[in-house]
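Rule-based calculations on the coordinates, nothing more; no lab input. Just so we're clear, the structure is a prediction, and the values are computed from it rather than from any experiment. Here Cβ is always computed from backbone atoms with ideal geometry, including for glycine, and neighbour counts include all displayed protein chains.
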Amino acid sequence: MERLKITGLVRPHWKSLALGFLAVLGESAADLLQPWPLKVVFDNVLKSRQIHGWLNRLILATAGADSLAILRFAALASLAIAVIGALCSYAERYITTSVGQWIMHDLRRTLYSHIQRLSLSYHDHKQTGDLISRVTSDIDAIQSFIASGLLGVLINCLTLVGMVGVMFYINWGFTLIALSVAPVLFVVVYSYTRRIKKASREVRKKEGEMISVIQEVLTSIRVVKAFAREDYEQRRLEVESLESVELALRARDLKAKLAPLVEIIVAIGTCMVLWFGARMALDGTLSAGSLIVFIFYLGKMYKPMQELSKMADAYSKAAVGYERIQEVVETEREVKDLPGARPAPPFRGRIEFDKVDFGYEPERPVLRDVNLRIEPGHVAALVGPTGAGKTTIISLIPRFYDATSGAVKVDGSDVRRFTQKSLRQQISFVLQETLLFHAPVWSNIAYGKPGASKAEVLQAAELANASEFIEKMPEGYNTMIGERGVTLSGGQRQRIAIARAVIRDTPILILDEPTSGLDAASEKLVFDALDRLMEGKTCIVIAHRLSTIRRADTIFVVQDGTITERGRHEELLKLDGLYAELYRLQFRSEEEAVG
């Protein structure tokens with residue numbers, strides 16, 4: 001993955017930043033010129049000392065030699081400088097705020113897009129709350145720094161350079177005295193900035209962990225309430241929160257120490273300048289106007305230094321946020337389109353596994369030497385104990401993961417030769433855990449086919465036996481579904497999921513425990529819908545209830561990551577192997593339940 005560069009983020013906004021830079025120059029110039037009208041008043045009007053040079057020539061050419069005219073010139077110049085400074089300051093803040101917001105938008109879009117396209121193996125090991133923190137808080141920190149600090153740092157630096165230049169022009173010896181504390185100030189600010197950045201990184205990490213706890217609990221609130229674990233979850237959050245507070249206080253302690261240290265160093269510099277400057281004025285080696293300029297610049301010069309020290313906090317947060325975002329963006333997708341990958345042609349639906357091995361971790365294989373073949377339009381079933389590798393097998397077909405060795409083929413072509421998007425567009429899923437979005441019913445049905453017409457949505461709902469309960473809802477197809485579909489029953493959620501698969505009308509259909517946990521009435525409605533959905537498609541069904549797959553063209557028995565038996569229902573019963581054993585156990589359990 002290409003590294004996310006600051007220059008790449010800023011480049012689209014270079015015109016705005018160029019205008020902002022001009023505003024910065026104007027603001028810095030206004031800061032530099034601000035004390036000069038006072039110098040003119042003291043030296044030319046009050047005649048504390050006769051001045052010569054370019055300024056005197058400018059005054060004589062503009063206002064003449066009359067003291068009242070010079071005073072009027074100085075007053076108007078002071079007002080003009082203030083107006084120019086105010087306008088430039090407004091322009092700088094407006095531009096930086098706008099640029100900050102657009103960069104935040106670009107960053108969020110880039111990061112969110114990359115997170116969605118990362119392989120499932122990344123999401124399997126990453127906390128959702130931490131990723132949410134990176135998309136929100138970390139990007140906000142960068143935006144805040146750009147809006148308040150990016151050009152602000154430039155203003156302070158330009159102002160400092162300008163002031164030092166003017167001070168050297170007025171009296172270089174006195175300037176060296178004023179700047180004698182600058183190296184100490186730099187060392188203090190630099191060392192504290194590094195420590196603050198490290199502390200901020202720890203705070204950000206802990207905040208991400210805390211958000212993960214909150215997100216996990218809120219998305220599983222029914223389980224929490226069912227087991228009356230509110231107090232436990234409260235204590236768990238309090239532990240994370242206390243650790244976050246301790247880290248934040250440690251970082252705050254460093255930040256709190258920096259400002260007073262800077263103020264003390266600045267006070268020492270001020271003391272030296274007042275002492276030597278006053279003596280030079282008394283000796284007549286420095287005019288009163290020049291002393292005024294020096295004292296004004298002194299306050300102004302140390303202020304940017306103090307501002308730069310205060311920016312350490314904003315910079316640290318932004319730098320840490322950028323590092324955390326960079327860490328995600330630089331993560332390579334384990335499953336990605338190979339060079340030369342092409343869009344998949346319309347599938348007939350023949351699926352093959354040729355000596356496939358796979359493991360979520362290299363040292364722990366889940367599938368070993370899996371070989372299977374499913375003909376177009378046939379129904380295949382995967383059965384076996386929990387954890388045998390059934391869901392892993394179906395996850396390799398749409399390339400949620402890639403086989404460690406061997407090949408998964410559709411219509412004779414390795415699935416890695418196709419682009420992921422075109423491959424998945426020809427596969428539909430009905431899963432055990434049906435996830436619906438907080439959106440209208442029609443939107444959930446059309447999720448797999450965004451451009452679907454109203455007629456297609458209605459037809460899909462009809463074929464999925466979902467129209468009868470949808471039409472009874474308060475607003476019909478416009479009824480908002482609760483988050484994750486919690487406002488619907490299991491059977492209703494499953495029928496909407498089937499409607500979502502119907503509307504896609506793909507040649508390959510994957511069903512992972514589609515009737516798990518349903519009552520008899522809901523199961524019958526779901527099965528009727530599934531029969532219509534499966535017609536003419538290549539179907540792979542995972543089912544623990546063996547009575548539901550008797551009509552499958554081929555049943556594959558998966559045990560310990562390998563296929564140990566294959567055949568039709570009657571053939572497998574005659575083999576008297578694992579399938580027959582599972583069938584007898586289940587049949588006996590059902591009889592006992594009926595009894």
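List of remarks:
- Computed over the chain: relative contact order in percent, which uses C-alpha pairs under 8 Å that are six or more apart: 14 percent
- Straight-line reach from K574: taking Cα to Cα under 26 Å and skipping same-chain neighbours fewer than 8 places apart, the lysines in range are K390.
- Distance in nm between pseudo-label sites at A248 and R11 (7 Å out along the Cβ direction from Cα): 3.9 nm
- Angle in degrees between helix 230-283 and the longest Cα principal axis of the chain, rounded to the nearest 10: 20 degrees
- Between the stretch 439-513 and the stretch 317-392, the Cα center-to-center distance that results, in Å: 27 Å
- The mean sequence separation of alpha-carbon pairs under 8 Å and at least six residues apart, normalised by the residue count of the stretch 351-594, gives a relative contact order of 27 percent.
- Segment K126-E475, length gained on full extension (0.36 nm per residue, minus Cα span): 121.8 nm
- Of K198/K257; K206/K255; K198/K336; K126/K225; K317/K421, those spanning more than 27 Å from alpha-carbon to alpha-carbon: K198/K336; K317/K421
- Each peptide among 125-135, 231-241 gets the average number of other Cβ atoms lying within 10 Å of its residues, and from highest to lowest they stand as 125-135, 231-241.
- Mean residue ellipticity at 222 nm, helices only, the chain: -20000 deg cm²/dmol; runs of at least 4 DSSP H residues each add -39,500 (n - 2.57), and the sum is divided by the number of residues.
- By the beta-carbon count within 10 Å of each Cβ, the least crowded to most crowded order of T285, T175, fewest first, is T285, T175.
- A straight Cα-to-Cα reach below 24 Å connects K472 with the lysines K454, K524, residues fewer than 8 places away in its own chain not being considered.
- Neighbour-count ranking [beta-carbon atoms within 10 angstrom, fewest first] of I84, I211, I510: I84, I211, I510
- Residues F145, F437 arranged by fewest to most Cβ contacts within 10 Å: F437, F145
- Entry for Kirkwood radius over Cα pairs in Å (calculated from the structure that is shown) out of [x] 26.3; [y] 30.5; [z] 28.0: [y]
- Within straight-line cross-link reach of K15, aspartates and glutamates at Cα separation under 20 Å, skipping those fewer than 8 residues along the same chain: E27, E92, D106
- Ranking S413, F227, N465 by how far each Cα lies toward the positive end of the dipole of the chain (charges on Cβ) leaves S413 at the top.
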